[in-house]
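The values are calculated or read from the model by the stated rules, or taken from the named source; none is laboratory data. Note that this is a predicted model, so its numbers are computed, not measured. Here Cβ is always computed from backbone atoms with ideal geometry, including for glycine, and neighbour counts include all displayed protein chains. Please note that ligands, DNA and RNA were not included when accessible areas were found on the heavy atoms of the full protein model with its side chains. Shrake-Rupley method; radii C 1.70, N 1.55, O 1.52, S 1.80 Å.
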Amino acid sequence: MVIIIAMGHADSAILSISIILLSGFLMTRITKKLRLPNVTAYIVAGILIGPFCLDLIPRQIISATDFLPNVALAFIAFNTGEFFKLDTLKKNGAKVIFITLFEALLASLVVFFVCSSFLRLNLAFSIVLAALASATAPASTMMTIRQTGAKGDFVETLLQVVALDDIVGLLAYSVAISIAISSSTGEAFSIAHLIQPIFSNMLVLLLGFLFGLILKFLIAQKRSSDNRLIISVALLFAFCAICTVFNVSPLLGCMSMGMAYINLTDDSKLFKQLAYFNPPILLIFFVRSGLSFDLRSLISASGTVGNVPLLTIGVIYFFVRIIGKYAGAFLGCLITKKPDTTRNYLGLALIPQAGVAIGLAALGSRALGGETGNALQTIILASSVLYELIGPACAKLSLYLSHSYSTRLEDLVSVNETAEDGVQKTELELLIERIQKIQEELPVHTVNEEEAAYTEAAENHSRAVFEERIGKISEGRQRATAIRKSVKRRRR
């Protein structure tokens with residue numbers, strides 16, 4: 001730390017970023033062996049190199065990166081927009097919206113009731129923490145679905161609920177932060193405090209749709225992969241800048257931007273390209289969140305929040321949010337008459353909470369300021385680590401219990417067990433048919449000219465090596481035959 005402070009501002013910033021990236025990467029080597037998600041590794045790395053442990057990063061560098069939550073939220077939200085395809089939403093859109101409202105708002109209501117009535121915390125803190133309780137982390141759930149290859153009604157409902165969940169969370173946060181700021185400043189509350197954030201987010205939603213149109217227009221021509229990435233990143237940064245000027249979260253607008261682009265172009269390749277660009281940005285964001293984690297405040301009571309230690313508040317929040325999420329999802333599915341498997345296990349898959357909640361907590365901490373803001377961010381960070389520890393396991397359990405995936409080949413694809421003439425097929429024939437059907441469902445891999453050239457060269461090399469080996473084997477056989485013939489002659 002002393003060495004970094006002694007360096008110039010630019011040098012210390014560069015070295016700090018290097019330390020952040022390396023510490024996050026090295027921590028993933030440990031969490032990978034423990035089968036924990038990367039988000040947990042990044043947050044823990046930030047805590048370790050932060051001011052309350054090793055103190056490797058100067059505080060001025062931490063303060064100078066206040067813009068990171070907006071940038072990280074922009075990339076997270078844009079990628080989430082990929083799952084808002086209209087043809088998918090039309091199938092059971094009304095039911096999904098109803099379920100989402102139930103599970104998100106019930107979780108917020110339960111957290112608010114416990115914080116304000118049971119723990120007797122102040123209004124500003126209680127209402128913002130309750131709003132953040134509605135948000136869910138889509139990354140862990142989607143990663144688990146991809147790993148298991150799960151599919152069916154349960155998976156479709158889950159993906160749509162997770163995508164819509166963050167919209168409800170953002171709107172709830174926008175209203176909550178307005179009420180919190182009014183109550184903390186002593187300003188008289190009016191209906192305008194509710195209408196203004198909703199109106200602002202509607203404008204951001206429309207602006208995001210416009211940016212989606214611009215993105216589609218700029219990438220509609222045949223662009224190289226590099227230029228597609230440059231254009232999309234430039235527009236996301238520009239959108240963040242506009243939102244920062246008007247002090248509005250870019251989350252909803254970037255979701256709208258991603259949704260507009262995927263529905264206008266049906267081009268999922270861009271989202272995959274951005275997925276390769278995202279990791280360094282998200283790593284720096286989550287490690288920086290860990291740097292802001294206040295260990296001392298976690299074990300002490302904050303006078304501006306209430307007389308309860310933050311550790312107690314965090315533990316209660318952790319369990320109460322899970323109860324609210326599960327109960328809300330159960331009631332929503334019950335009212336919309338979803339199948340029993342969806343009703344009973346959907347709540348288990350909604351436990352993870354990381355990216356969006358941490359980003360909004362950072363914005364809320366900046367808006368509320370002081371001990372209240374620090375307490376809010378500390379609780380969300382601490383609980384997010386716990387949620388990411390158990391979240392993926394709960395999501396996988398829900399997929400298994402809902403029969404959305406199976407490890408048995410006969411459950412993955414269905415084939416006729418009898419031939420056209422009514423004769424029972426053998427086990428080998430059924431196995432071959434199932435493998436062929438799985439191969440038909442696999443996506444076609446398209447290659448560019450460079451990849452095709454490399455592949456052709458590799459195939460030619462393999463073919464030459466194979467032919468050389470066959471030639472040697474053939475020669476060996478000929479020699480062996482000649483030797484056998486000569487031996488036979490001698491015996492005669």
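Things worth noting here:
- Scanning region 243-265 for residues that are out of contact with any helix residue (DSSP H, G or I) (no Cβ under 7 Å at 6 or more places or on another chain) and either aliphatic (A, V, I, L, M) or in contact (Cβ under 8 Å) with a residue 40 or more places away in the chain (or both) turns up Val245, Phe246.
- The single residue among Ser289, Ser249, Ser268 that is open to solvent by less than 10 Å² (accessible area, probe 1.4 Å) and small (Gly, Ala, Ser) turns out to be Ser289.
- Of all residues making up region 218-276, the number that are at positive phi and modelled with pLDDT under 80: 1
- Filtered residue count, region 32-60, keeping only those that are part of a helix (DSSP H, G or I), modelled with pLDDT of 80 or more and not basic (Lys, Arg): 10
- Filtering region 104-113 for residues that are within 19 Å of the chain's Cα centre (by Cα) and at pLDDT 85 or above leaves a non-empty set.
- Test: Phe98 is open to solvent by 50 Å² or more (accessible area, probe 1.4 Å), in contact (Cβ under 8 Å) with a residue 24 or more places away in the chain, closer than 20 Å to Ala130 by Cα and aromatic (Phe, Trp, Tyr): yes
- Residue match in region 340-347 (condition: under 18 Å from the mean Cα position of the chain (by Cα) and under 22 Å from Val168 (Cα atoms)): yes
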